[in-house]
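For reference, the structure is listed below as structure tokens.
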């Protein structure tokens, strides 16, 4: 019906590129890919795919939770930088 192998190939490449660019939603795409591989494993009776990909989904969720707070903490100092420059200008004036 669906060409899940092509979908998995596309999701693998996409998630690798996104994670390589340090974008957190690459982990979500990778988890979706693992779900697709699990479906492929069930449809083809290759049940060896299931434990590995279920473990990968857990690892992706763990990585996602570790990356998200770091992203929010990095965004906070950047937003404060323009304000600190203005306060220095006001003090100099």
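Considering each of 36, 42, 58 in turn, give the residue that is more than 17 Å from residue 8 (Cα to Cα), modelled with pLDDT of 90 or more and either surrounded by 11 or more Cβ atoms within 10 Å (Cβ to Cβ) or in contact with a strand residue (DSSP E or B) (Cβ under 7 Å, 6 or more places away or on another chain) (or both).
Values: 36 fails: more than 17 Å from residue 8 (Cα to Cα); 42 fails: more than 17 Å from residue 8 (Cα to Cα).
Result: 58 is the single residue among 36, 42, 58 that is more than 17 Å from residue 8 (Cα to Cα), modelled with pLDDT of 90 or more and either surrounded by 11 or more Cβ atoms within 10 Å (Cβ to Cβ) or in contact with a strand residue (DSSP E or B) (Cβ under 7 Å, 6 or more places away or on another chain) (or both).
Tell me which residues, restricted to the stretch 15-24, are surrounded by 14 or more Cβ atoms within 10 Å (Cβ to Cβ) and outside any helix (DSSP H, G or I).
23, 24, listed by residue number.
The values are calculated or read from the model by the stated rules, or taken from the named source; none is laboratory data. Just so you know, these numbers come straight off a predicted model, no measurement behind them. Because the Cβ atoms are built from the backbone with ideal geometry, glycine has one as well, and the counts that use them run over all protein chains shown.
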